[in-house]
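Below is one structure, written out as structure tokens; comments come after it.
The values are calculated or read from the model by the stated rules, or taken from the named source; none is laboratory data. This structure is a prediction, so every number in the text was calculated from the model and none was measured. Backbone-built Cβ (ideal geometry, glycine too); neighbour counts: all protein chains shown. To get the accessible areas, we keep the full protein, side chains included, count just its heavy atoms, and leave off ligands, DNA and RNA. Shrake-Rupley method; radii C 1.70, N 1.55, O 1.52, S 1.80 Å.
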Amino acid sequence: MIPLDRPDLLISDAFIAGGWHRTDRAFPVTNPSTGAKLTDVADCTRDDVRRAISAAAPAQKVWARCTAKERAGILRRWFDLIVDHADDLAAILTAEMGKPLAEARGEILYGASFVEWFSEEAKRIYGETIPGHHEDKRLMVIRQPVGVVGAITPWNFPNAMITRKVAPALAAGCAILVKPATETPLSALALAKLAEQAGLPRGLLSVLPSTDSVGVGLEFTENPTIRKISFTGSTNVGRILMRNGADQIKKLSLELGGNAPFIVFDDADLDAAVEGCVTSKFRNAGQTCVCTNRIYVQDAVYDAFVERLSKAVSSLQVGDGFLEGCAVGPLVSHSAMDKVRAHIDDAVEKGGTVVLGGAPHDLGGTFFQPTVLRDATPQMAVAKEETFGPLAPVFRFSTLEEVVEAANDTEFGLASYVYSRDLSRVWRMMEELEYGMVGVNTGLISTEVAPFGGIKQSGLGREGSRHGIEDYLEMKYCCLAL
Ligand SMILES: NC(=O)c1ccc[n+]([C@@H]2O[C@H](COP(=O)([O-])OP(=O)(O)OC[C@H]3O[C@@H](n4cnc5c(N)ncnc54)[C@H](O)[C@@H]3O)[C@@H](O)[C@H]2O)c1
Ligand SMILES: O=C[C@H](O)CS(=O)(=O)O
């Protein structure tokens, strides 16, 4: 089992309307590194979701009348508890998701940073007055919480993708129900336990693990008490929620799929570019939405980059996330493995060459060799689809215009990366790349202080930063006649 200082943080009950409940059915949560079952978790039904919604509505009205300082205080206590228990939360995360323990601890602190940030932003929800359009008119704008929010989150960041929604929602005065991924509900339940300990009033937060993702999604889109849906996951599911939410014009925040280009010009610091590429590509075994998916290297440095990248990747240790020095854990599922293999087979069939890796790891299970593939071309599946695994395909380019066109030739627009020390090149790339985020001479851009999100089919809205609370607020214009 998982060695914890606080064994009570390993929870298999659902957190519904401020109470911990078993349900009639349960589903297993397993460790992807070993296949061992960790526990059976309560499997919530639509009736459980409705119960949570019914409790959230009145609780939210009371919460909205609290002072910003009161809301901020509880969020701050929650932050402090998360940090105090970071080791336990990291162990739970690695056990259920597989990422290396050091990365898991990094995610816990990253997730906590959103709680800290929005505990502060809670006190800065300002309105405005506007000079009247007639002498007897006084105009003002006030900001009020949206109401009850339904959140659905993915398995790859089972802590941070939740705090990135729950923190701004609570800071704004909303109530929020969370349906975590069925692969990784334990991190969400542990967060709820600490929120309860921080003094969060009953009913404001529910965590509803469920194998009925479709049913939960339909309850969120069909129940009028749910004013907003905040979703992080695949573009396909985001599309479904958008379509189903249209009937009631549901407010939506969508953090969806990506296909990040990583562009290396011939004037780049190659060692820095290799380091940034390894970080961006192989973090979480390549299972992040902002992972590099396509690497473009200018002709003059192409061979040198491929050689140095392969050398750096060959030193990555693959294994159980609890192993000291582990850099690459297992993929989340066998279907994820199949997708990586399919992308490699397709690329080789179309003229690519595997320089390193290219097959499942000897460890078996869902471990896969970190792979570098050269001579990638736009005709390959890996150019168009999000691999979501440890595959680094290296494309060649000659001119800036050519690489901008190639990089933008995708329906996605989340993260992108450019390595160059030429200011005009960098400035042009920042302006011409059609992405919500651009990393320049770095492969790691995510922080709570900056707006995280995409354009095109990578999503709607932003999470984190001073902008992240906007999606949980309504703007009301008041016209007062004297
Ligand atoms: N933009 C971001 O911030 C971000 C962050 C993490 C992951 N992602 C994306 O998520 C994908 C990987 O995560 P995933 O496999 O969990 O995605 P997914 O879309 O399969 O699942 C995400 C969540 O949606 C639920 N779900 C599945 N079908 C549903 C339906 N019909 N109605 C309602 N809910 C449903 C799942 O149970 C899970 O909780 C990748 O495309 C990745 O790029 C994006
Ligand atoms: O993939 C999901 C996360 O948003 C990635 S990050 O940790 O925020 O960069």
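Odds and ends about this structure:
- Over region 430-482, accessible surface divided per residue gives 51 Å², non-protein components excluded, 1.4 Å probe.
- Rounded, prolate or oblate (a/c below 1.5 giving rounded, otherwise prolate when a/b exceeds b/c) for region 44-124 by Cα gyration tensor: oblate
- Packing around the peptides 126-139, 346-359, taken as the average count of other Cβ atoms within 10 Å per residue, puts them in this order, highest first: 346-359, 126-139.
- Remark: region 43-55, residue by residue, has Karplus-estimated 3J(HN,Hα) of 9, 6, 9, 4, 5, 5, 5, 5, 4, 5, 5, 4, 7 Hz, where x stands for each Gly or Pro and the curve is 6.51 cos²θ - 1.76 cosθ + 1.60 at θ = phi - 60°.
- For region 392-405, backbone phi angles converted through the Karplus equation (6.51, -1.76, 1.60; θ = phi - 60°) give residue-by-residue couplings of 10, x, 10, 9, 10, 9, 10, 10, 4, 4, 5, 6, 5, 4 Hz, Gly and Pro being listed as x.
- Under 20 Å from the residue 423 label point (7 Å along Cα→beta-carbon), backbone N, region 258-287: 265-269
- Three principal axis extents of region 226-308 based on alpha-carbon atoms, in descending order, are 55, 23, 16 Å.
- For a label point 7 Å along the Cα-to-beta-carbon line of residue 474, residues of region 47-63 with backbone N under 16 Å: 57-63
- Extending 7 Å from the Cα toward the beta-carbon at both residue 482 and residue 21 defines two label points whose distance is 5.4 nm.
- Nearest-0.05 FRET efficiency for residue 61 and residue 123, computed from C-beta distance (R0 25 Å): 0.75
- Residue-averaged 222 nm ellipticity for the chain, from DSSP H runs of 4+ at -39500 (n - 2.57), nearest 500: -12000 deg cm²/dmol
- Along principal axes, Cα extents of the chain, largest first, whole Å: 71, 63, 39
- Spatial separation of Cα centroids for region 245-277 and region 404-482, in angstrom: 9 Å
- Per residue, region 227-381 exposes 39 Å² of solvent-accessible protein surface, assessed with a 1.4 angstrom probe and all protein chains in place.
- Sorted on the mean count of surrounding Cβ atoms within 10 Å across their residues, most packed first, peptides 279-285, 444-450 read 279-285, 444-450.
- Contact order normalised by residue count of region 70-217, Cα under 8 Å, 6+ apart, percent: 27 percent
- Euclidean distance between Cα centres, region 330-388 to region 91-115, Å: 26 Å
- Computed from backbone phi, the HN-Hα couplings of region 253-259 come to 10, 10, 10, 10, x, x, 7 Hz, rounded to whole numbers (Karplus: 6.51 cos²θ - 1.76 cosθ + 1.60, θ = phi - 60°; Gly and Pro given as x).
- Net charge, residue 451 excluded, C-beta distance under 14 Å - Lys, Arg +1, Asp, Glu -1: -3
- Split the accessible area of region 111-172 by element, probe 1.4 Å, and carbon with sulfur accounts for 50%.
- Within the accessible area of region 333-393 (1.4 Å probe), percent carbon and sulfur: 53 percent
- The Cα atoms of region 1-135 give a gyration tensor whose axes a ≥ b ≥ c have a/c of 1.5 or more with a/b no greater than b/c, which makes the shape oblate.
- The length gained on full extension between residue 379 and residue 243, counted as 0.36 nm times the residue separation minus their Cα-Cα distance, comes to 45.9 nm.
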